[in-house]
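What follows is a set of notes on a single structure, which appears directly below.
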Amino acid sequence: PQRIVALSEEFLLADLLSLGVTPVASTSNNPDVFPGIDPALTEGIEVVFTPDFNLEELASFEPDLLLGYGRIFDRAPGGYDVISAIAPTVSIGDDDTGWREQLVLTAEVLGLDVALDERLAEIDAEIDAGRDSIEGQNVSVLSVFPGPFIRTYTTGEYDLLNAPVDELGLELVPSNSPDADGGGRVVLSLERLSELQGDTLVLLQAEGEELPQDLIGDSPLWPTIPGVANDRVIVLDRLGYPGAEGHARFVTDLAAALDQL
């Protein structure tokens, strides 16, 4: 295939680029750019803003292959049957498919076994390099949105945290909660900030978002959080690590930040 269109935002796009494949277009969570990917790598790739996605625009790219994660076809206009009438279409994985398997399946679809082996070796090397800094540490992970809407992450089921938690032994505090959704995310009230008892507080905030201290810093519980009280606060971009390569880079950045505390 020469004219591939990626239908699963920057997550699939990042994997394609890491395998040496440049699609003609990709959906994105941003109308202008592909978050978390170096713009130099995406020059010439058409941005399809996901909320504006329509079949006419898709057909205009004259694709000879459409790729997307299985869940995208559940909410796309017309679903898989209508989209696959435009061009040959491959649905990659399902809701339970993790980031590593998504890369493997993407490479298999395109027959890129050699490129896959090289990328997995590089990714595993990056993850292993962060082991000494991450293994055994305990952290609380927090995102705060205007409102405020407060969210913490437990049990490592949130996709971005799988590598450091499951593979490198990072401990999340709280580690589990009956209130967790399917991704291990828990919505907190201001009164529950005291549950964030990890030695370090990791803030996952998208670039340009207000920081938690600006949104909830007036809470009397905020300065009592151990990470805040001990000046052990790390800020990482929640949207800055798409694809398998992004997971490895997240581990690298987290390990480097922990080393600097």
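Please enumerate the residues belonging to the range 128-144 that are touching a Leu at 6+ places or on another chain (Cβ under 7 Å) and within 15 Å of residue 259 (Cα to Cα).
Passing the criteria: 130, 131, 133, 134, 135, 137, 139.
Which condition breaks for residue 63 when tested against (1) out of contact with any strand residue (DSSP E or B) (no Cβ under 9 Å at 6 or more places or on another chain); (2) open to solvent by less than 70 Å² (accessible area, probe 1.4 Å)?
Looking at each condition in turn, residue 63 falls short on (1).
Do we find a residue being at pLDDT below 95, on the phi > 0 side of the Ramachandran plot and open to solvent by 10 Å² or more (accessible area, probe 1.4 Å) anywhere in the range 38-54?
No, every residue in the range 38-54 fails to be at pLDDT below 95, on the phi > 0 side of the Ramachandran plot and open to solvent by 10 Å² or more (accessible area, probe 1.4 Å).
Among the listed residues 153, 241, identify the single one that is aromatic (Phe, Trp, Tyr), open to solvent by 10 Å² or more (accessible area, probe 1.4 Å) and farther than 19 Å from residue 261 by Cβ.
241
Where the second residue is open to solvent by 50 Å² or more (accessible area, probe 1.4 Å) and the first is under 15 Å from residue 156 (Cα atoms) and lies in the range 176-195, which pairs have Cβ atoms under 6 Å and are six or more apart or on separate chains?
Pairs that qualify, where the first residue is under 15 Å from residue 156 (Cα atoms) and the partner is open to solvent by 50 Å² or more (accessible area, probe 1.4 Å), are 176/155; 183/157; 184/155; 184/157; 186/179.
Quick check on the range 104-125. Is at least one of its residues within 20 Å of residue 235 (Cα to Cα) and out of contact with any Ser or Thr (no Cβ under 6 Å at 6 or more places or on another chain)?
Checked against the condition, which is being within 20 Å of residue 235 (Cα to Cα) and out of contact with any Ser or Thr (no Cβ under 6 Å at 6 or more places or on another chain), the range 104-125 yields no hits at all.
Taking the condition among the hydrophobic types (A, V, I, L, M, F, W, C), under 25 Å from residue 245 (Cβ atoms), in contact with a strand residue (DSSP E or B) (Cβ under 9 Å, 6 or more places away or on another chain) and surrounded by 15 or more Cβ atoms within 10 Å (Cβ to Cβ), does residue 186 pass?
no
Hey, among 132, 124, 94, which residue is among the charged types (D, E, K, R), assigned to a loop (DSSP other than H, G, I, E, B) and out of contact with any Asp or Glu (no Cβ under 6 Å at 6 or more places or on another chain)?
Selected residue: 94, the only one of 132, 124, 94 that is among the charged types (D, E, K, R), assigned to a loop (DSSP other than H, G, I, E, B) and out of contact with any Asp or Glu (no Cβ under 6 Å at 6 or more places or on another chain).
Tell me, which strands (runs of 3 or more DSSP E) wholly within the range 149-259 include 2 or more residues that are under 26 Å from residue 129 (Cβ atoms)?
Counting at least 2 such residues, we get 200-204, 233-236.
When the residues of the range 135-148 are filtered to those that are in contact with a strand residue (DSSP E or B) (Cβ under 9 Å, 6 or more places away or on another chain) and not in a strand (DSSP E or B), which remaining residue is surrounded by the fewest Cβ atoms within 10 Å (Cβ to Cβ)?
Residue satisfying both the conditions and the ranking: 136.
Does residue 74 satisfy the condition of being over 18 Å from residue 246 (Cβ atoms), assigned to a loop (DSSP other than H, G, I, E, B) and out of contact with any helix residue (DSSP H, G or I) (no Cβ under 8 Å at 6 or more places or on another chain)?
no
Can you tell me which condition residue 18 does not meet? The list is (1) of a type outside the set (Val, Ile, Thr); (2) within 21 Å of residue 116 (Cβ to Cβ); (3) open to solvent by 10 Å² or more (accessible area, probe 1.4 Å); (4) free of Cβ contacts under 8 Å to residues at least 24 places away in the same chain, and all the others hold.
Of everything listed in (1) of a type outside the set (Val, Ile, Thr); (2) within 21 Å of residue 116 (Cβ to Cβ); (3) open to solvent by 10 Å² or more (accessible area, probe 1.4 Å); (4) free of Cβ contacts under 8 Å to residues at least 24 places away in the same chain, residue 18 misses just condition (4).
Determine which member of the set 44, 20 is assigned to a loop (DSSP other than H, G, I, E, B) and under 21 Å from the mean Cα position of the chain (by Cα).
Answer to the selection: 20.
Looking at (1) more than 21 Å from residue 103 (Cβ to Cβ); (2) touching a Gly at 6+ places or on another chain (Cβ under 7 Å); (3) not aromatic (Phe, Trp, Tyr), find the lone condition where residue 64 falls short.
Condition (2) is where residue 64 drops out.
Mind checking which residues of the range 72-82 are over 17 Å from residue 49 (Cα atoms) and not small (Gly, Ala, Ser)?
Within the range 72-82, 74, 80, 81, 82 qualify.
For the range 159-173, check the following and say yes or no: at least one residue is under 29 Å from residue 107 (Cα atoms) and polar (S, T, N, Q).
Yes, because at least one residue in the range 159-173 is under 29 Å from residue 107 (Cα atoms) and polar (S, T, N, Q).
Please specify each residue of the range 164-217 satisfying the condition of being within 19 Å of the chain's Cα centre (by Cα) and polar (S, T, N, Q).
205
The values are calculated or read from the model by the stated rules, or taken from the named source; none is laboratory data. Remember, predicted model here, so these are calculated numbers, not experimental data. So basically every Cβ, Gly included, is an ideal-geometry build from the backbone, and we count neighbours across all protein chains shown. Ligands, DNA and RNA are excluded from the accessible area calculation, which covers all protein heavy atoms including side chains. Shrake-Rupley method; radii C 1.70, N 1.55, O 1.52, S 1.80 Å.
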